[in-house]
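**Student:** I have a structure here, written as structure tokens, and I will follow up with some questions on it.
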Amino acid sequence: MGDVYIGTSGFSFDDWRGNVYPKNIKSYEMLPFYERELGFNTLEVNYTYYTLPSQKTMESFYKRTSDSFTFVVKGYKGITHTRDGSFKRFCTAFKDGLKPLGNRLKAILFQFPYAFSPKDENIRHLETIKEEFNGYESVIEFRNERWLKDNYIDLLRDMSMGLCIVDEPKIKGLMPYYPAITSRIGYFRFHGRNENWFNAPSEVRYDYLYSEEEIRGFIPSIKDISRKADITFVYFNNCHLGKAVKNAQRLKELLAED
């Protein structure tokens with residue numbers, strides 16, 4: 001098996017206070033606590049989907065974690081959603097903001113909306129992102145199940161872009177759980193299975209605690225992907241009330257036992 005890194009999609013949540021963090025924890029103490037006390041060695045940085053990263057914040061993340069701690073950063077929505085003249089500017093600013101992470105930045109996750117369907121202009125956009133982020137490991141998260149065809153999986157493989165393996169509600173149209181590897185990176189993202197998904201606020205959409213049986217059900221595919229990948233990342237995004245932490249810690253325990 002290659003290296004497997006397990007963590008959560010974000011770490012700075014008010015509703016984690018008193019659930020997984022001490023009730024009176026200061027914001028700047030959260031990330032060190034996440035690594036040292038909760039026992040995680042990787043973080044998926046999510047706020048960068050909504051706001052371009054700043055070097056000051058990334059440098060702070062770097063300094064507050066150990067040399068063995070790794071990061072994946074979620075791509076800014078202006079990059080995934082924009083086709084006009086702002087695209088290049090967003091890409092430049094995004095890459096500039098990530099510089100302080102150095103070689104501890106292991107990949108960039110580009111998440112596309114459900115409306116992003118497999119058509120020529122969207123395939124060209126993937127190719128443009130690949131060109132713009134040449135030298136970075138890129139992982140693609142599709143929400144629309146129409147991408148789940150051999151020719152599109154092969155397209156990612158040809159471009160050496162990773163496929164984000166998602167677990168989310170089994171709702172018609174959403175991507176099903178499909179463990180596959182298309183680059184040197186294996187990537188799992190667990191959103192929970194709350195069926196109140198479309199048009200629901202995030203605190204509802206990601207309010208889900210995986211059961212012991214469900215967690216155990218992921219282990220065979222995680223092991224299989226990790227045997228084929230150089231490095232595998234597993235992130236829980238069911239962050240409401242710290243449920244992602246509980247599930248991620250349990251998965252770590254089960255993988256260590258096996």
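The values are calculated or read from the model by the stated rules, or taken from the named source; none is laboratory data. On a predicted model such as this, the values are computed, not experimentally measured, just so you know. Neighbour counts are summed over all protein chains in view; Cβ atoms, including those assigned to glycine, are modelled from backbone coordinates with ideal geometry.
**Student:** For residues that are of a type in the set (A, V, I, L, M) and under 20 Å from the mean Cα position of the chain (by Cα), scanning just the range 90-128, find the one that is modelled with the lowest pLDDT.
**Tutor:** Checked the range 90-128; the qualifying residue modelled with the lowest pLDDT is Ala115.
**Student:** Find all pairs meeting these conditions: Cβ atoms under 6 angstrom apart; at least six residues apart or on different chains; first residue within the range 1-14 and in contact (Cβ under 8 Å) with a residue 40 or more places away in the chain and among the polar types (S, T, N, Q); second residue buried (at least 21 other Cβ atoms within 10 Å of the Cβ) and assigned to a strand (DSSP E or B).
**Tutor:** Sorted first by the residue in the range 1-14, then by its partner, the pairs are Thr8/Phe236; Ser9/Glu44; Ser9/Tyr235.
**Student:** So, of the residues in the range 62-77 that are small (Gly, Ala, Ser) and more than 17 Å from the chain's Cα centre (by Cα), which turns out to be nearest to Cys164 (Cα to Cα)?
**Tutor:** Only one residue fits best here, namely Ser68.
**Student:** In the range 113-146, which residue that is among the hydrophobic types (A, V, I, L, M, F, W, C) and in contact with a Leu (Cβ under 9 Å, 6 or more places away or on another chain) is surrounded by the fewest Cβ atoms within 10 Å (Cβ to Cβ)?
**Tutor:** Ile123
**Student:** List the helices (runs of 4 or more DSSP H) that sit entirely inside the range 171-258 and contain at least 1 residues that are of a type in the set (Val, Ile, Thr) and on the phi > 0 side of the Ramachandran plot.
**Tutor:** Those helices (runs of 4 or more DSSP H) do not exist here; none qualify.
**Student:** Could I ask something else about it? Could you tell me which numbered condition Glu253 fails, if it satisfies all but one of (1) touching a residue at least 12 places away in the same chain (Cβ under 8 Å); (2) surrounded by fewer than 17 Cβ atoms within 10 Å (Cβ to Cβ); (3) more than 16 Å from the chain's Cα centre (by Cα)?
**Tutor:** (1)
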